[in-house]
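All remarks here apply to the structure that follows.
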Amino acid sequence: MTAPAAQLAQRSATGGKFLPHHVAPAWLPADLAAGLLHHAIENEARFRAGSLVHSGKIIVDPSIRQTSVLDDVGLGPFLAPLVAAALAAQPALAARFGMPHFTASSVEVELAAHGDGAHFNSHIDTFVVQNKRPNPRLLTLVLYLNRLPCGFSGGALRLHALGSAAFHDIMPEHNKLVAFPSITRHSVQPISCPSAAFADRRFAVNMWLHS
């Protein structure tokens, strides 16, 4: 489901008003997506517990966010094509979401691996008063990667409505991109990965375009 250009909120079948989002299947060339997934699996030992910002501090709290992450340095030769693809997509996404034109100063990238029980509670990706920490993120892009057949269930990206309990779920699928303004409240629903194998996890490349 996509949002019309310049429409800042939309109705969902679940009711409520939502900030716009855009879904793009087969976002990367198939060989690049496959290579990136293989790179993630081969670098299991380099993943570390995912952090978050709370009261101005960067912390690790599995009760809020349970995942493992690989930073941009760990992406090696895949970092440049990911950044290039994100920057190329930015003008059309900003127009689609009704955002003022901006030139991205940088692209922040991390690769997250979600195993059995992984989740991320409701949050936004940019500055909030409670975090007491400035954040220049304007656009969020999430690219999903997984082996086929899929070794996990659950893990939907849940977009939360403005001022109500309504929500809209987007299921992760290999090489699917989901983009939305970074002020959108969202969460990652709990994941079941019975094999516990790292290769069966739900992988997601998180990209944030900075103002």
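Inspect all residues belonging to segment 54-62 and state whether any of them is open to solvent by 30 Å² or more (accessible area, probe 1.4 Å), closer than 27 Å to ALA30 by Cβ and in contact with a Leu (Cβ under 9 Å, 6 or more places away or on another chain). No, segment 54-62 contains no residue that is open to solvent by 30 Å² or more (accessible area, probe 1.4 Å), closer than 27 Å to ALA30 by Cβ and in contact with a Leu (Cβ under 9 Å, 6 or more places away or on another chain). Taking the numbered list (1) touching a residue at least 60 places away in the same chain (Cβ under 8 Å); (2) touching a Ser or Thr at 6+ places or on another chain (Cβ under 6 Å); (3) open to solvent by 20 Å² or more (accessible area, probe 1.4 Å) in turn, PHE18 passes all entries but (3).
The set of residues in segment 5-28 that are modelled with pLDDT of 95 or more, touching a Pro at 6+ places or on another chain (Cβ under 9 Å) and more than 17 Å from PHE203 (Cα to Cα) comprises LEU19, PRO20, HIS21. Restricting to segment 95-107, and then to whatever is closer than 15 Å to MET207 by Cβ and over 17 Å from the mean Cα position of the chain (by Cα), can you tell me which residue is surrounded by the fewest Cβ atoms within 10 Å (Cβ to Cβ)? Only one residue tops the list, namely SER105. Restricting segment 47-59 to residues that are touching a strand residue (DSSP E or B) at 6+ places or on another chain (Cβ under 6 Å) and either modelled with pLDDT under 95 or part of a helix (DSSP H, G or I) (or both), the residue that is nearest to ASP116 (Cα to Cα) is SER51. Among the candidates VAL107, VAL142, VAL178, the residue that is β-branched (Val, Ile, Thr) and farther than 22 Å from PHE18 by Cβ is uniquely VAL107.
Taking segment 111-211 as the region of interest, the strands (runs of 3 or more DSSP E) fully inside it that hold 1 or more residues being touching a Leu at 6+ places or on another chain (Cβ under 7 Å), at pLDDT 95 or above and open to solvent by less than 60 Å² (accessible area, probe 1.4 Å) are 137-145, 167-170, 177-181, 186-188, 202-210.
The rows are residues; the columns are (1) more than 17 Å from the chain's Cα centre (by Cα); (2) closer than 22 Å to GLY35 by Cα.
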{"position": "PRO136", "(1), (2)": "no, no"}
{"position": "PHE152", "(1), (2)": "yes, yes"}
{"position": "PRO181", "(1), (2)": "no, no"}
{"position": "SER192", "(1), (2)": "yes, no"}
{"position": "ALA199", "(1), (2)": "yes, yes"}
{"position": "ARG202", "(1), (2)": "no, yes"}
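Restricting the first member to segment 65-79 and to residues that are crowded, with 18+ Cβ neighbours inside 10 Å, and the second to residues that are modelled with pLDDT under 95 and not in a helix (DSSP H, G or I), the beta-carbon pairs closer than 6 Å and six or more apart or on different chains are ARG65/LEU52.
The values are calculated or read from the model by the stated rules, or taken from the named source; none is laboratory data. All figures in this text were calculated on a predicted structure; none of them were measured in a lab. Every residue, glycine as well, gets a Cβ built from its backbone with ideal geometry; the counts of neighbours run over all protein chains shown. The protein model used for the area step is the full one, side chains on, heavy atoms only, and it has no ligands, DNA or RNA in it. Shrake-Rupley method; radii C 1.70, N 1.55, O 1.52, S 1.80 Å.
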